[in-house]
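**Student:** Sharing a structure below in structure tokens format, with a few things to ask.
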Amino acid sequence: MAPTLLKESGFRFYFFSREETRPHVHVSHPDGEAKFWIAPAVALASSQGLSARQLRHVGQSIVAHQWEFEHAWNSHFGH
């Protein structure tokens, strides 16, 4: 299961239900994908195919929605 958290500018932000315990969000786009840590601070974990400009855009979007993403993570995993 991979709940979608946000769709914006061609990017889909989501997380997997059965993955590691550290809060993070995956991002997919026709050009590639990335994984960002969302706690304790937003940070790029990995990426493939996305440009530096796209990664900056995604990082800014995650910062803008960080509270919502953390809340969704905690609600989903019962924290």
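**Student:** Which one is farthest from Lys7 (Cα to Cα), of the residues in segment 29-79 that are among the basic types (Lys, Arg) and out of contact with any strand residue (DSSP E or B) (no Cβ under 7 Å at 6 or more places or on another chain)?
**Tutor:** The initial filter retains those residues of segment 29-79 that are among the basic types (Lys, Arg), namely 35, 53, 56.
Filter once more, keeping what is out of contact with any strand residue (DSSP E or B) (no Cβ under 7 Å at 6 or more places or on another chain): 53, 56.
Values: Arg53: 18, Arg56: 16 Å.
Among those residues, the one meeting the criterion is Arg53.
**Student:** For segment 45-55, which positions are loosely packed, with under 12 Cβ neighbours inside 10 Å and aliphatic (A, V, I, L, M)?
**Tutor:** Ala52
**Student:** Go through segment 34-73 and count every residue that is touching a residue at least 12 places away in the same chain (Cβ under 8 Å) and part of a helix (DSSP H, G or I). Before you say what the answer is, go through the steps one by one.
**Tutor:** As a first pass, look at segment 34-73 and keep what is touching a residue at least 12 places away in the same chain (Cβ under 8 Å): 34-39, 42, 44-51, 54-55, 57-59, 61-63, 65-66, 68-70, 72-73.
If we keep only those that are part of a helix (DSSP H, G or I) too, we end up with 54-55, 57-59, 61-63, 66, 68-70, 72-73.
Total satisfying the criteria: 14.
**Student:** How many residues are exposed (fewer than 14 other Cβ atoms within 10 Å of the Cβ) and of a type outside the set (Asp, Glu) when one looks only at segment 13-44? Even if it seems obvious, please write down each step before you answer.
**Tutor:** Going through segment 13-44, the residues exposed (fewer than 14 other Cβ atoms within 10 Å of the Cβ) turn out to be 16-22, 30-31, 40-41, 43.
Cutting the leftovers down to of a type outside the set (Asp, Glu) gives us 16-18, 21-22, 30, 40-41, 43.
Matching residues across segment 13-44 total 9.
**Student:** In segment 45-79, what residues are at pLDDT 95 or above, more than 19 Å from Glu8 (Cα to Cα) and among the hydrophobic types (A, V, I, L, M, F, W, C)?
**Tutor:** Ala45
**Student:** Counting only residues that are within 9 Å of the chain's Cα centre (by Cα), under 18 Å from Asn74 (Cα atoms) and not basic (Lys, Arg), how many does segment 24-41 have?
**Tutor:** Total meeting the criteria: 6.
**Student:** Can I ask one more? Out of all the residues in segment 52-79, which are over 13 Å from Val27 (Cα atoms) and either among the small types (Gly, Ala, Ser) or in contact with a Gly (Cβ under 6 Å, 6 or more places away or on another chain) (or both)?
**Tutor:** Those that are over 13 Å from Val27 (Cα atoms) and either among the small types (Gly, Ala, Ser) or in contact with a Gly (Cβ under 6 Å, 6 or more places away or on another chain) (or both): Ala52, Ala64, Ala72, Ser75, Gly78.
The values are calculated or read from the model by the stated rules, or taken from the named source; none is laboratory data. A quick note: this is a predicted structure, and the numbers were derived from the prediction, not measured. In this analysis, Cβ positions are derived from the backbone assuming ideal geometry, glycine residues included, and neighbour counts consider all displayed protein chains.
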